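What follows is a set of notes on a single structure, which appears directly below.
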Amino acid sequence: MPGRCLQGDATTDTAWARLLEGRRGDALITDPPYCLLVRRRKGGDERDKKDRKIDRGPVRRFEDVREYREFTKQWLSLAVKHLKPGAPLVVWTNLLGREPITTVARSLGYPHLVGEFVWGKRTREGNSGEELLRVVETALVFSTTLPGPLTPDAPAIPWSAVAGYDDDGEAQRWGSHPNHKPFGVLEPLVRTWSKPGQLVIDAFGGSGSIPAAAVKLGRDAACLELEPDWATRIQERLA
């Protein structure tokens, strides 16, 4: 069945209730605002925004890590409430967000950080012709229980992917969201931590990369997106 996206705030229970209508998700795979702090001068005034991609579009900044931890607690506690028991959490983050997300996940009954999925993002080639990779974004995978013992014939668990920002052209097609992720990066996560027919929920739809990948791989998907224009784009993309 096609995925669904609603405009709504992931820190409010009413938005989750409207989105899921009593259903529970089989997995949470989401890309929340990263722990980006407000840049201030020594006197306390906020610095002017630099002309960078990260400062254009729907980017939220936080005063400090404490504020980010509280924000994470607000949305993640509601997301977990709408998951089936034992459903995995897959949460994208930057370096500064690892600790607050891990702390909140453990407080909500997810004590086990199973692993960290790394996106090796392609950059421009240097004069030597070598391809350079930057690791600025990772996905933390949490579980309520420890994984069972591995067997010799068990499938490998992918923990990394190499891709550029828009290898598949979907970012440009759907508005060039600053937090877009190509299908080649999301496919291993969706395949590993959900099954065909299951419901994948996403608290922060963004460009719709995650729900679109889930639907493409035969899952159902439901997501929230705060910005009305982006929520409309996502629904069009899923349709």
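Every read-out reported here was derived from the displayed coordinates using simple, explicitly stated rules and does not represent laboratory data. Predicted, not measured: the structure shown is a model, and the values here were computed from it.
Using the Stokes-Einstein relation with a Kirkwood hydrodynamic radius computed over Cα pairs, the translational diffusion coefficient of the range 65-194 at 4 °C and a viscosity of 1.567 mPa s comes to 78 µm²/s. Extension gain for Arg24-Lys216 works out to 67.1 nm (0.36 nm per residue, less the C-alpha to C-alpha distance). The phi-based Karplus calculation (6.51 cos²θ - 1.76 cosθ + 1.60; θ = phi - 60°) puts the 3J(HN,Hα) values of the range 224-238 at 10, 8, 5, 7, x, 4, 6, 4, 5, 4, 4, 4, 5, 5, 5 Hz, whole numbers, x for Gly and Pro. Three semi-axes describe the equivalent ellipsoid of the chain; taken as square roots of 5 times the Cα gyration tensor eigenvalues and ordered largest first, they are 26, 23, 20 Å.
Check cross-link reach from Lys81 to the aspartates and glutamates: straight Cα distance under 16 Å, and skip same-chain residues fewer than eight apart. Within the straight-line limit of under 16 Å, Lys81 reaches these aspartates and glutamates: Asp9, Asp13, Glu21, Asp26, Asp202.
Assuming 0.36 nm per residue, please report the length gained on full extension of the stretch Leu36 to Leu113 beyond their Cα-Cα distance.
Full-extension gain reported as 25.5 nm.
Per residue, how big is the convex hull of the range 191-239 when only Cα atoms are used? Give it in Å³. Roughly 59 Å³ of hull volume per residue. Percent of alpha carbon pairs in the range 124-206 separated by more than 21 Å? That fraction is 47 percent.
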